[in-house]
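Please read the structure below before turning to the comments.
Laboratory data are not the source of any read-out in this text; all were calculated from the coordinates shown. Remember, predicted model here, so these are calculated numbers, not experimental data. Neighbour counts run over all protein chains shown; Cβ positions are idealised from the backbone, glycine included.
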Amino acid sequence: MLTRVTIRATTLTVSTAAFLCLFGMAVAVYLTSSQVARNLDTLLRSNLPARAAAVAVNNTVVNAHMRIFRYVSWASNGVNATLLGNLRQEIDTAFASVDRNFKALAARPDLSDAVQADLRALQGKLNKYEATAKDVLDVGATDPAMATMMLGQADDSFTAVGSDVRRVLDTITQQSNAMMADLAEATRTETFSISAGLAICIAFSIAGTAFLIRSIVRPITSITQVMQKLSTGDTEVALNSPGRNEIGRMIEAIEIFRRNALEIQAMQASRRQADEQRAATRRGEMNELAEEFEGSVKHIAAELVEAVTVVRSNADVMAQAAEHTRTKSGTTVQAVVNTQQNVEIVAQAASELSHTIDELARRAHDVFKITNETAAQSESASAELAKLTTSVEQILPITDLIQGIAQQTNLLALNATIEAARAGAAGKGFAVVAAEVKSLAQQSGNATEEIAHRISTVRSTCAAAVSTIGQIIAAIKNLSTFATDISTGIGQQSAATAGIFASAQSAADNSRAVAANIVDLNSHADATYAASGEVLDAAKLLFEHTRGVQTNVEKFLRHVRSA
Amino acid sequence: MIRALAALGMAALLAYACAASAAEFGTKDEAVAMVKRAQAMFAKAGADATFKAVSDKSTAEFHDRDLYVFVYDMDGVCVAHGARPALIGKNLYDLKDQDGKYLIRAMIEIAKASGSGWFNYKWPNPINNKIEDKTSYVEKMGDYMVGVGVYRD
């Protein structure tokens with residue numbers, strides 16, 4: 001029967017059943033949850049606030065009661081009337097708040113009948129308590145001892161109020177508890193219905209899965225196994241009772257595959273036979289070819305190995321030579337570098353020497369120039385001296401003239417003296433003047449002589465100076481000749497130094513070139529060494545390959561023969 | 001020697017105190033007599049005059065040392081009091097003494113049941129305001145209960 005239902009219908013049925021289960025469960029959960037929510041709401045909005053209001057009544061009563069005790073105590077101990085009055089006011093306020101709280105509690109709209117009955121009883125007790133308390137206070141104002149007596153009465157009333165408040169609280173608590181119990185019950189119901197729903201869902205899903213496995217997975221698994229076997233070429237498989245659903249049609253298709261596979265197997269068998277025959281023929285031919293090939297190749301391979309061995313030993317020798325060359329050229333390079341350094345030091349020294357000599361030449365030239373200038377100045381000094389001598393000599397006739405004038409003046413003075421002596425007393429004054437003139441003429445003659453003497457001294461000094469200058473000029477001329485000689489010598493030396501410098505430069509260039517060549521040689525030696533190493537490696541490789549070729553040829557031949 | 005002297009002194013003090021007390025406190029007989037006086041006035045002058053006289057401390061007839069008159073109605077409301085005027089008008093039906101006795105209630109019951117009788121309780125002494133043991137004699141007086149008590153010891 002199952003085989004006639006299509007897979008689509010099957011899966012649709014199973015999933016619909018699962019959905020219905022879940023939906024049912026959701027409805028159940030919604031209903032119970034909303035009941036729980038309602039109960040919680042009532043508890044929260046009504047019972048808890050009512051309880052709080054009852055507690056507030058109780059608290060205010062306790063508050064008033066404590067003050068009553070305090071009042072009596074104060075009154076008994078003679079506290080003044082003002083303080084007692086204030087306390088009385090406080091107590092009145094406390095009672096006012098008791099009334100207010102009680103009214104707030106009684107006015108709650110959601111109180112149950114039981115609570116309302118309790119509240120009526122409490123109202124009576126409260127009234128009585130307030131009356132008693134007021135009596136105590138009234139008496140206490142004038143008669144504290146009596147008020148003390150009456151406290152017991154007030155206490156009884158207070159206790160009665162307390163027990164009524166407790167009863168109200170108990171009733172409310174009982175109601176709350178009942179609601180809580182309802183809540184707990186509802187929660188339990190919910191838990192049960194959810195669990196039951198889940199159990200049914202799980203059962204449904206297990207049943208559905210089992211059904212699906214039975215009607216779909218199991219046939220598909222067996223089909224898969226059959227197809228795997230078919231794919232490995234095993235055609236000895238059978239699928240029974242094909243139904244009319246998708247799987248039935250699949251089984252029919254597989255049967256067609258199976259038949260096709262059987263046909264293919266038959267064709268393959270005949271082809272394999274033909275192949276085997278062809279292979280046997282080819283093996284015979286191959287054997288022959290191998291014999292031939294072995295004959296030729298084995299000989300060649302042996303020769304090749306021999307040749308390679310020779311190459312290898314040569315390469316070894318070559319590598320050693322190259323190594324040697326390399327070492328030597330390295331040493332040479334070092335020597336050449338040293339030489340080059342020395343030559344460069346010489347060149348540098350020559351260059352410095354050249355500079356020094358140039359400086360020397362410049363100085364010698366300066367000396368030469370100064371010497372010439374000095375000679376010229378000395379000659380002009382000599383000329384000036386000659387002119388001085390001439391000028392001095394021109395002074396001499398003038399002194400002679402002055403000398404003559406002095407002598408004549410002296411004669412005249414003498415004459416005048418004589419004439420005065422002749423005149424007698426009249427000429428006495430005149431004789432004094434004549435004596436004075438005579439003395440002046442003598443002084444002039446003396447001075448003139450002095451001048452003549454000085455001039456002759458100047459003349460002789462000038463002559464000596466001229467002669468000295470002449471000697472200086474001769475010496476300077478000598479010096480000039482020496483300077484010229486030095487200049488010439490220095491010029492020659494400079495030329496020689498330049499020659500040395502050029503030679504050193506050239507030697508440095510040459511040695512550099514040699515060094516470069518040797519470095520080049522060294523790199524070639526390196527390259528040769530590397531190349532010889534490579535040749536050696538290649539020879540080794542060649543040797544191994546040759547060996548390999550030999551082995552492979554032997555293997556190949558074995559293989560061909562055994563094939 | 002000193003101890004003997006001290007003992008002698010104490011004995012003398014005690015004797016003096018006893019002698020004094022005999023004069024200071026009223027006796028049971030005097031209490032009964034005062035109740036009777038109140039009854040007579042109640043019968044002759046009526047309730048209001050009697051209550052006024054009883055509550056007025058200057059009335060010597062109803063005030064003798066620690067003796068005074070008290071009157072309650074049958075609901076326990078104090079209507080007249082010789083020592084404590086503050087109590088007048090207050091309902092003391094539920095009043096308890098230090099032993100827990102509902103004393104007003106009990107005395108009303110005695111008056112109602114047997115017309116008269118004695119009752120022991122604790123009450124503040126008007127002389128020193130100390131709460132002391134008291135024995136009161138009560139009688140029914142019309143719709144009221146009237147009583148006078150003595151302080152024992």
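Its Cα centre serving as origin, the range A:242-375 has a Cβ charge dipole (Lys and Arg +1, Asp and Glu -1) of approximately 680 debye.
Computed on the range B:25-151, with alpha-carbon pairs under 8 angstrom and 6+ residues apart, the relative contact order is 26 percent.
If R0 is taken as 25 Å, the Cβ-Cβ distance between A:Asn372 and A:Val458 corresponds to a FRET efficiency of 0.20.
Please report the spacing between the Cα centers of the range A:273-343 and the range A:41-109 in Å, no decimals. Cα centroid of the range A:273-343 versus Cα centroid of the range A:41-109: 124 Å apart. Here r is the Cβ-Cβ distance between A:Val55 and A:Val29 and R0 is 41 Å; the resulting FRET efficiency, rounded to 0.05, is 0.65.
Taken as Cα centroids, the range A:492-511 and the range B:114-149 sit 164 Å apart, rounded to the nearest whole angstrom.
Remark on B:Glu132: its backbone amide H falls under 5 Å from those of B:Trp123, B:Asn125, a criterion applied only to residues 5 or more positions apart or on other chains, H modelled at 1.01 Å from N. Name the shape class, rounded, prolate or oblate, that the alpha-carbon gyration tensor gives for the range B:25-151, where a ≥ b ≥ c are the square roots of its eigenvalues, rounded holds for a/c under 1.5, and otherwise prolate holds if a/b is larger than b/c and oblate otherwise. Verdict is rounded for the range B:25-151. Shown is the FRET efficiency for B:Thr27 and A:Ala121, computed with R0 = 51 Å from the Cβ-Cβ distance and rounded to the nearest 0.05: 0.60.
Placing +1 on the Cβ of every Lys and Arg and -1 on the Cβ of every Asp and Glu, with nothing else charged, gives the range A:392-471 a dipole about its Cα centre of roughly 160 debye. With a simple spin-label model that places each label point 7 Å from the Cα along the Cα-to-Cβ direction, the separation between A:Ala349 and A:His324 comes to 3.9 nm. Ordering B:Ile131, B:Val35, A:Gly489 by the projection of their Cα atoms onto the charge dipole of the protein assembly as shown, which places +1 on the Cβ of Lys and Arg and -1 on the Cβ of Asp and Glu, puts B:Val35 at the extreme positive end.
Net length available on complete extension from A:Phe257 to A:Phe19 is 81.6 nm, with 0.36 nm assigned per residue and the Cα-Cα distance removed. Taking the simple approach of a point 7 Å from Cα along Cα-to-Cβ for both A:Ser439 and A:Ile418, what is their distance in nm? Going by the 7 Å Cα→Cβ label model, 2.3 nm.
For the set B:Lys96/B:Lys140; A:Lys128/B:Lys36; B:Lys44/B:Lys134; B:Lys101/B:Lys130, the pairs lying more than 25 angstrom apart at their alpha carbons are A:Lys128/B:Lys36; B:Lys44/B:Lys134. Only one residue of A:Leu385, A:Ala375, A:Thr159 has its Cα farthest out toward the positive end of the dipole of the protein assembly as shown, where Lys and Arg carry +1 and Asp and Glu -1 on Cβ, and that residue is A:Thr159. The range A:129-156 and the range A:375-422 have Cα centres spaced 175 Å apart. Charge tally for A:Glu90 (other residues, Cβ to Cβ under 11 Å; Lys, Arg +1; Asp, Glu -1): +2. Based on the alpha-carbon gyration tensor of chain A and its eigenvalue square roots a ≥ b ≥ c, which shape applies: rounded if a/c is under 1.5, prolate if not and a/b is larger than b/c, or oblate? It is oblate, given that a/c is not under 1.5 and a/b is not larger than b/c.
Available extension along the chain between A:Asp358 and A:Arg214 is 39.5 nm, counting 0.36 nm per residue and deducting the alpha carbon span. In chain A, Cα pairs under 8 Å separated by at least six residues give a relative contact order of 20 percent. Here the protein assembly as shown is treated with +1 on each Lys and Arg Cβ and -1 on each Asp and Glu Cβ, and its dipole about the Cα centre works out to around 2900 debye. Each of A:Gln116, A:Ala178, A:Ala350 was scored by the projection of its Cα onto the charge dipole of chain A, and the greatest displacement toward the positive side belongs to A:Gln116; charges sit on the C-beta of Lys, Arg, Asp and Glu. Taking a spot 7 Å from the Cα of A:Ser380 along the direction of its beta carbon, which residues of the range A:478-502 have an amide N less than 20 Å from it? Inside the label zone: A:480. Compared with the alpha-carbon gap, the fully stretched path from A:Asp110 to A:Gln89 is longer by 4.1 nm at 0.36 nm per residue.
With bins 10 Å wide beginning at 0, the percent of Cα pairs of the range A:307-450 falling in each bin runs 9, 12, 10, 9, 8, 7, 7, 6, 6, 5, 5, 4, 4, 3, 3, 2, 1, 0.
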